[in-house]
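Below is one structure, written out as C-alpha cells, with a few remarks after it.
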Amino acid sequence: MGSRLTDSAQYAHLWGTPEMARLFDERARLQSWLDILTALASAQARLGIIPVEAAEQIAEHAQAEHLDLAFVAEQTRLTSHSMLGLIRGLQQVLPASAREHVYSGATVQDVTDTWFALVMREVGALAWRDLRAIEGSLLLLAQAHRDTVMVGRTHGQPGAPITFGFKVASWADEVRRHLDRLREGRSRWLVGQLGGAVGVLGFFESQGEALRAELCAGLGLGDPGISWLTSRDRVAEFAAVLSMACATLARIGNEVYELQRPEIGELHEATSADVVGSITMPHKRNPEGSEHLDTLARLVRANAAVLTEGMVVAHERDGRGWKAEWSALPEVCLLAGVALQLGRRLVSGLVVDVEAMQANLGRHGDQLVSERLLSALTPRLGKHAAQQLMHDALRPGSTDVGHVVDAVVASGAATRQECEAWTVGWPVGAAGSMVDGVISRARAARAAEPEAWT
C-alpha cells in the first residue's frame, strides 16, 4: 500500500492510469534500465569493445525477475550511488566471465536519460492516441451544433450570440495544435544518451560516436549528435507540451463546470445511477470530471515548472536539476494520463441542452444584439460616436428603458422600424464558416497522419 495518498488503493485512480503506472512502477523501470544495459553491451560487442559471449550472457540474465531486488535496494543505500546497486544485483546472477563487462564506460545519466527517451516514446504514443480521440469527438460535436445558437459570454457576463459549434471548434483547433507539437517534437525528444564522464566519450576514444550511434539504433532511438548531460530542454519541452494539453482539457472542463450550473444548465457531464453527488444534499449533480481536470492541470503545470527549472544547471553534470526530473517527469506523465482519459470520457459523453441555450438567449431580451445595432449605427454616426451614444443610453442607472432597441429609438439615432430590420435573426457572424474551416483542416490532417505516433 502506498505511503502517499496518490498511491493508495482507494485514490490511485485519480492520479494515474494503469497504462501509465505500468511504465513507471519499480519493476518496469528496472527492466527498462536493464534493457538499456543489454543494448549497450550488444553495441559494444558489435564494435569489438567487449566479447560477444559477454554481451550474450548479459542479454540472457538482465531480467528484473532474476534479481534480488532487496539486495539491489540495500546496495543502493549502502553505496549512496544511484546505479551501483543494480549493477551489483546483475553481477550476482551473471557468470564470472561477463561480470566485468556490465556498464562498461557508462554513467548513471547515460542509463536514466536514455530511459527518459524510452518513456517519452511510450507516453507520447498514449497522448497522441487520446488527443486524436478527443479531437474526433469534438469534431463530431462541432458539426452537430454548427448552428446551435447560445449566449456568448465575456468576463463571465452575457455578451453577444455565438454557436455552440463555434465554442467546440475552438477546443478542437487547440487540441490539433497539441497534436502538431507532438508530431514536430518527436525527433527532438526521442534520442538516446551516451556521454560518459563529462560528455566527450573519452573512455571509448575514437569509437565513442560509433558506439553511441549503435546504442541508439539498437533501442530505436535517434542519435543526439552531441551529449546532452546538462541540456535539459528536451525533457522540459515534452513536459510543457503535456502541461499545455492538460490546460486545454481544463479549459474545456471549466466550461462544462460553469455551464452545468443549474441557473445556466446548458451542458451536463454524463453520469450513472451509481454516482453520488452529495451525501447531505441528494439533489446535487456535481461536475466531478470537469472539476478534476482543473486539479490535474494545476499539478501537471507545477511539475512541468520543476523540469523547466532543471534547464538551469552547471558545467558538464549537475545532479540538482537532473535528479529532480526523476520525481517530476513521472508525475507529469501519470497525471496527464488521467487527464487525457477523463477528457475522452467528458467530451464523448457530453450532454448538450439546446432548449436551455434557447431559453438563456431569451432571458436577455434584445441586449445580445447591441453589437449589431452598434455596427448599423456606425456608418451613420461614426464608430466612436455611436458607441458613446449607446453607452450613455444603456449604462446602469442612466435610464429606465428596459431594452436596447427602446434606448436607441429614444435617443433619436434610429427609428424602431430601422432597429427591427437591423436585428432580424441572431447575429452570429462568421461562426459557421469558422467551424467548417476547423473541421475541414482537422479532417485533412487526420487523413494524412498515422493513427499511431510514429
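Structure values in brief
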{"item": "Matching entry among 37, 78 (being assigned to a helix (DSSP H, G or I), under 37 Å from the mean Cα position of the chain (by Cα) and at pLDDT 95 or above)", "result": "37"}
{"item": "Sole residue being farther than 30 Å from residue 352 by Cβ, assigned by TED's automatic domain parsing to the domain that holds residue 300 and more than 21 Å from the chain's Cα centre (by Cα), chosen from 114, 154", "result": "114"}
{"item": "Among the candidates 133, 117, 55, 127, residue that is assigned to a helix (DSSP H, G or I), at pLDDT 95 or above, among the aliphatic types (A, V, I, L, M) and surrounded by fewer than 19 Cβ atoms within 10 Å (Cβ to Cβ)", "result": "133"}
{"item": "Selection from segment 149-170 of residues that are crowded, with 21+ Cβ neighbours inside 10 Å and not in a strand (DSSP E or B)", "result": "164, 165, 166, 167, 168, 169"}
{"item": "Residues that are surrounded by fewer than 17 Cβ atoms within 10 Å (Cβ to Cβ), assigned to a helix (DSSP H, G or I) and either touching a residue at least 24 places away in the same chain (Cβ under 8 Å) or of a type in the set (Gly, Ala, Ser) (or both), drawn from segment 299-316", "result": "302, 305"}
{"item": "Any chance residue 380 is surrounded by 16 or more Cβ atoms within 10 Å (Cβ to Cβ), basic (Lys, Arg) and more than 36 Å from the chain's Cα centre (by Cα)", "result": "no"}
{"item": "Close pairs from segment 371-382: first more than 22 Å from residue 161 (Cβ to Cβ), partner not charged (D, E, K, R), Cβ under 8 Å, at least 6 apart", "result": "380/386; 380/413; 380/414; 381/389; 381/413"}
{"item": "Number of the exception - residue 323 against (1) within 28 Å of residue 196 (Cα to Cα); (2) modelled with pLDDT of 95 or more", "result": "(2)"}
{"item": "Verdict on residue 180 being crowded, with 18+ Cβ neighbours inside 10 Å and either modelled with pLDDT of 95 or more or touching a strand residue (DSSP E or B) at 6+ places or on another chain (Cβ under 6 Å) (or both)", "result": "no"}
{"item": "Count of residues meeting criterion [surrounded by 13 or more Cβ atoms within 10 Å (Cβ to Cβ) and in a loop (DSSP other than H, G, I, E, B)] in segment 419-454", "result": "7"}
{"item": "Condition met for residue 89 (of a type in the set (Gly, Ala, Ser) and surrounded by 21 or more Cβ atoms within 10 Å (Cβ to Cβ))", "result": "yes"}
{"item": "Odd one out for residue 362 among (1) closer than 30 Å to residue 134 by Cβ; (2) without any contact (Cβ under 8 Å) to a residue 12 or more places away in the chain", "result": "(1)"}
{"item": "Among residues of segment 351-403, those that are touching a Ser or Thr at 6+ places or on another chain (Cβ under 8 Å) and either in a helix (DSSP H, G or I) or at pLDDT 95 or above (or both), counted", "result": "12"}
{"item": "Members of segment 8-41 found to be more than 24 Å from residue 124 (Cβ to Cβ) and surrounded by fewer than 20 Cβ atoms within 10 Å (Cβ to Cβ), listed by number", "result": "8, 9, 10, 11"}
{"item": "Filter result for the condition that a residue is surrounded by fewer than 16 Cβ atoms within 10 Å (Cβ to Cβ), under 32 Å from the mean Cα position of the chain (by Cα) and assigned to a loop (DSSP other than H, G, I, E, B), over 199, 220, 195", "result": "220"}
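Let's see how each residue does on (1) on the phi > 0 side of the Ramachandran plot; (2) part of a helix (DSSP H, G or I); (3) touching a residue at least 40 places away in the same chain (Cβ under 8 Å); (4) surrounded by fewer than 17 Cβ atoms within 10 Å (Cβ to Cβ):
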| residue | (1), (2), (3), (4) |
| --- | --- |
| 206 | no, yes, no, yes |
| 210 | no, yes, yes, yes |
| 234 | no, yes, yes, no |
| 237 | no, yes, yes, no |
| 240 | no, yes, yes, no |
| 243 | no, yes, yes, no |
| 256 | no, yes, yes, no |
| 261 | no, no, no, yes |
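The values are calculated or read from the model by the stated rules, or taken from the named source; none is laboratory data. All figures in this text were calculated on a predicted structure; none of them were measured in a lab. Glycine gets a Cβ as well: all are built from the backbone with ideal geometry, and neighbour counts include every protein chain shown.
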